[in-house]
Amino acid sequence: MITHHVHEALTQVREIQLAVLDRIRFKGFSGPTRALSGTMALFAAAFMSTPFYPQTPHAHFVGWCTVLVMALLLNSSALAYWFWRDPLVNRELRRLTPVLDVIPPLFVGGILTAVLVLNGQRDLLFGTWMLMFGLTNLASRRVLPRTICLVGLFYMVAGIIWLFAPNPSFLNPWPMGLVFFTGEWAGGMILYIDDKRLEKEYIRNYETEDHRAEDSAK
């Protein structure tokens with residue numbers, strides 16, 4: 001009887017510990033999905049640099065918009081899967097609060113994109129997008145591993161360099177493709193490694209509490 005109560009108490013403690021850890025570290029952003037998005041951007045840059053792709057500002061803008069939409073769909077699907085399937089989330093809408101932090105940078109980036117396109121300033125788009133992705137990473141620094149700040153700074157430095165470059169060209173897709181590939185792979189690896197670290201912590205906590213339960217039973 002005592003052993004049963006000890007195991008029950010330890011189970012409750014473990015559940016509380018896991019819930020606290022899960023709330024501190026937002027797990028709705030998928031590392032592998034980010035890496036896949038970066039790879040997709042690199043392939044898009046390679047395709048748009050070939051003679052088979054129309055070398056016009058409009059065609060390149062459509063190409064990058066397609067990459068953006070596909071990346072949003074991939075990441076949104078991963079987020080939805082996590083929200084519906086993770087038992088610790090329990091489909092609580094308030095658990096999606098960290099997502100709201102990245103909406104302002106995306107919104108501002110969308111407005112600036114529209115203004116630049118309407119004014120025929122497409123050559124400045126890459127720098128604007130890089131800064132936007134930098135801000136989204138920095139906005140998530142409180143709920144993601146701290147090293148995600150380095151990814152944000154990388155994007156922002158790249159964006160500033162592009163905006164101050166003497167002759168930036170929107171028809172050269174490689175700068176955006178390489179920067180996005182590097183940034184998303186770095187961010188994806190940071191999330192993936194941290195997820196594995198948390199899994200090990202969860203397992204270690206379970207094993208520690210089980211040993212304590214056995215000692216108490218003796």
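Here THR97, THR136 are screened, and the one residue that is surrounded by fewer than 19 Cβ atoms within 10 Å (Cβ to Cβ), within 23 Å of GLY188 (Cβ to Cβ) and of a type outside the set (Gly, Ala, Ser) is THR97. Look at (1) in contact with a Leu (Cβ under 8 Å, 6 or more places away or on another chain); (2) among the aromatic types (Phe, Trp, Tyr); (3) under 19 Å from PHE180 (Cβ atoms) and you find that PHE83 fails only one, number (3).
Looking only at residues of segment 148-177 that are surrounded by 15 or more Cβ atoms within 10 Å (Cβ to Cβ) and not hydrophobic (A, V, I, L, M, F, W, C), we find that the one that is modelled with the lowest pLDDT is PRO168. Residues in segment 106-133 that are polar (S, T, N, Q) and in a helix (DSSP H, G or I): THR113, THR128.
Cβ-Cβ contacts under 6 Å between residues 6 or more apart (or on different chains), taken from a first residue in segment 181-194 that is touching a residue at least 60 places away in the same chain (Cβ under 8 Å) and among the charged types (D, E, K, R) to a second residue that is buried (at least 20 other Cβ atoms within 10 Å of the Cβ) and in a helix (DSSP H, G or I), are listed as GLU184/ARG34; GLU184/SER37; GLU184/GLY38.
The rows are residues; the columns are (1) out of contact with any Lys or Arg (no Cβ under 9 Å at 6 or more places or on another chain); (2) within 18 Å of SER37 (Cβ to Cβ); (3) charged (D, E, K, R).
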position: PHE133; (1), (2), (3): yes, yes, no
position: THR136; (1), (2), (3): yes, yes, no
position: ALA139; (1), (2), (3): yes, yes, no
position: VAL143; (1), (2), (3): no, no, no
position: MET156; (1), (2), (3): yes, no, no
position: ILE160; (1), (2), (3): yes, no, no
position: PRO168; (1), (2), (3): yes, no, no
position: PHE181; (1), (2), (3): yes, yes, no
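Taking each residue of segment 53-76 that is under 13 Å from LEU36 (Cα atoms) and looking for partners that are modelled with pLDDT under 95 and among the aromatic types (Phe, Trp, Tyr) with beta-carbon atoms closer than 8 Å, six or more apart or interchain, yields ASN75/PHE29.
Within segment 81-127, being β-branched (Val, Ile, Thr) and over 20 Å from the mean Cα position of the chain (by Cα) holds for ILE111, THR113, VAL115, VAL117. The set of residues in segment 69-88 that are surrounded by 15 or more Cβ atoms within 10 Å (Cβ to Cβ) and not aromatic (Phe, Trp, Tyr) comprises MET70, ALA71, LEU74, ASN75, ALA78, LEU79. The single condition among (1) at pLDDT 90 or above; (2) surrounded by 13 or more Cβ atoms within 10 Å (Cβ to Cβ) that CYS65 does not satisfy is (2). Of the set (1) more than 16 Å from PHE26 (Cβ to Cβ); (2) in contact (Cβ under 8 Å) with a residue 24 or more places away in the chain, all apply to VAL115 but (2). Does at least one position in segment 38-61 carry a residue that is assigned to a helix (DSSP H, G or I), in contact with a Lys or Arg (Cβ under 7 Å, 6 or more places away or on another chain) and at negative phi? Yes, segment 38-61 contains at least one residue that is assigned to a helix (DSSP H, G or I), in contact with a Lys or Arg (Cβ under 7 Å, 6 or more places away or on another chain) and at negative phi.
Within the set LEU171, LEU153, the sole residue that is under 18 Å from the mean Cα position of the chain (by Cα) and more than 20 Å from LEU72 (Cα to Cα) turns out to be LEU153.
How about segment 80-118: which of its residues are within 22 Å of TRP129 (Cα to Cα) and touching a helix residue (DSSP H, G or I) at 6+ places or on another chain (Cβ under 8 Å)? Within segment 80-118, VAL99, ASP101, VAL102, PRO104, PRO105, LEU106, VAL108, GLY109, LEU112, THR113, LEU116, VAL117 meet the criteria.
The values are calculated or read from the model by the stated rules, or taken from the named source; none is laboratory data. As the structure is a prediction and not an experimental result, all values here were calculated from the model. Neighbour counts are summed over all protein chains in view; Cβ atoms, including those assigned to glycine, are modelled from backbone coordinates with ideal geometry.
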